[in-house]
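The structure under discussion appears below in the form of C-alpha cells.
Bear in mind that the values in this text are calculations on the coordinates, not laboratory data. These numbers were taken from a predicted model, which means no experiment stands behind them. So basically every Cβ, Gly included, is an ideal-geometry build from the backbone, and we count neighbours across all protein chains shown.
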Amino acid sequence: MKTFIENRALFLLIGSLILNFACASPPNTERSIGNGSSNASGEVTIYVSQDRVFSEPVLREYEKKTGVKVNVVYDTEEAKSTGLANKLLAEKNRPQADVFWSNEPVRTLVLKKNGVLAAYKSPQAEGIPANFKDPEGFWTGFSARCRVIVYNTNLVKPDEAPKSIFDLTDPKWKGQVAIADPRFGSTSFHVAALYTELGDEKADDLFRRLKANDVKIVPGNSVVRDMAARGEVKIGLTDTDDVNVALEDKQPVAMVFPDRDGIGVPLMPNMLSLINNAPHAEEGKRLIDYLLSPEVEGMLAKSEAVQIPLHADVEPPKNIPQIASIKAMTLDYGKAADRLEDVTRRLQDILGL
C-alpha cells in the first residue's frame, strides 16, 4: 500500500508539473515595444560590418526605444564585410540573420546576385536619392563615407601631399605608402570601382607600380591611419571615418580627397538589406525603417564616424565637406560587384597576396 501511495503521489506531482509548464508562457516570445503594442518575436538579428564603436550605440538606442532585443554579429577589422557576406551565403538555406548592415556596397550586390536578399522598400527611404537605392528594393544606401588619402603633417607639407591615387606611385613615396588588404572591406570596393572605371590594363598598371614602389599591405584601414599618425609611413589610403578618429584625437594627420585625376572620389554608402526567408522578417523591416531614418543619419554624422547623410535635411558632419561639394566617382555598383572575384584574383597575383 505504501508503494502504491508513493507512486500515486509521484504521478500527481509529475502531472502537475507538466500542466503548469504547458500553461506557462514560453520565455522571450513576446515583449512590450515602445508604442505599447505586442511584438510576436521580441527580437531581431542583424549582421553588421560597420565598425562596432559606431554601430553599437545606434542599435542599443533602438533597443531602448522599442524594447526589442537586438542580436548583433559583428565582422572583424581584417575581414570587413567579406566574413559576414560569406556567412550569409553559407546560411542561405537556413538563414540566421534578419538584416545585413554592410559598410560598403559591393558585398551586398554579390549577395543579391546569389539570392540571399529579399526585396523591401522602406518608407524611410523616400528622402534618399535614387542612385543610392536598388530599384527592385533589395538594398538601400545611407550615411556615406569617402575614400581619402591620409598623410602625416609632421612629415608631409599640405602642398606636397598627393592629390590623386596615381601620385602614390611616385618614387619619392617609395616604401612610405600603406593600404589595407584590397581583398576585404571598403578597399575591395575601391579597387573594384577602379577596375570598372579604368579598365583592366590601366588598373593593372596602377597596382604593378604600387607594388614596385614597395606599398605596404596591412590588415585594415584603421591600421593605415595609425601607421601614418605614428610616422611609420608618410601616406596611406583609407576612409574618412578612420581619419576623423585621429583628427579628434589631435594626432598629426590630414586628409586629401583624391579627385584631381578626373576619376572622382569613391563614395561608399552603408547598405541595408532584408535577408530572404528571415526568421523575424517583420521585425527586420522595422529595424531597417529605423536605421534609414534621418535621426540615425544625424547620429552617425555627429559621431566620430562623420558619415555623410543622404537625407538632404540632415546636418552634415564636421571635418567633412558637404556631399554636394565632393566630386564623386560616377559608378555602377552592380558592375563593380560583378568584377569583385576577378579583381581579387588579379591583385593576388600582382601584389603577391
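General observations
- Crossing angle, helix 281-291 versus the chain [Cα axis fit, 0-90 degrees, rounded to tens]: 40
- Inter-probe distance in nm under a simple model that places probes 7 Å from Cα toward Cβ, at Asp170 and Ala312: 3.9
- Relative pair counts by distance (%), Cα atoms of the range 47-203, 5 Å bins: 1, 7, 13, 16, 18, 16, 10, 7, 5, 4, 1, 0
- Kirkwood-Stokes translational diffusion coefficient of the range 71-161, alpha-carbon pairs, 4 °C, 1.567 mPa s, µm²/s: 83
- Between the range 55-106 and the range 219-265, the Cα center-to-center distance that results, in Å: 26
- Student exercise, the chain dipole from Lys, Arg, Asp, Glu Cβ charges, in Debye to nearest 20: 540
- Calculated diffusion of the range 218-353, Stokes-Einstein form, Kirkwood radius summed over Cα pairs, 4 °C and 1.567 mPa s, µm²/s: 74
- Label point 7 Å beyond Cα of Lys327 along Cβ direction - residues of the range 142-158 with amide nitrogen under 18 Å: 146-150
- Choice from Leu237, Leu206, Leu117 showing the highest fluctuation, given a GNM over the chain with Cα pairs closer than 10 Å: Leu206
- Fully extended contour minus Cα-Cα distance, from Arg230 to Leu89, at 0.36 nm per residue: 46.9 nm
- The H on the amide N of Ala118, modeled in the peptide plane, is under 5 Å from the matching H of Leu274, Ile275, Asn276, each at least 5 residues off or on a different chain.
- In degrees, nearest ten, helix 2-23 long axis to first principal axis of the chain (Cα): 40
- Helix 185-198 axis, angle to the chain major axis (alpha carbon atoms, nearest 10°): 50
- Furthest towards positive pole of dipole, Gln176, Val256, Asn93, structure part the chain, Cβ charges: Asn93
- Most mobile of Phe100, Phe138, Phe54 in a GNM of the chain (Cα contacts under 10 Å): Phe54
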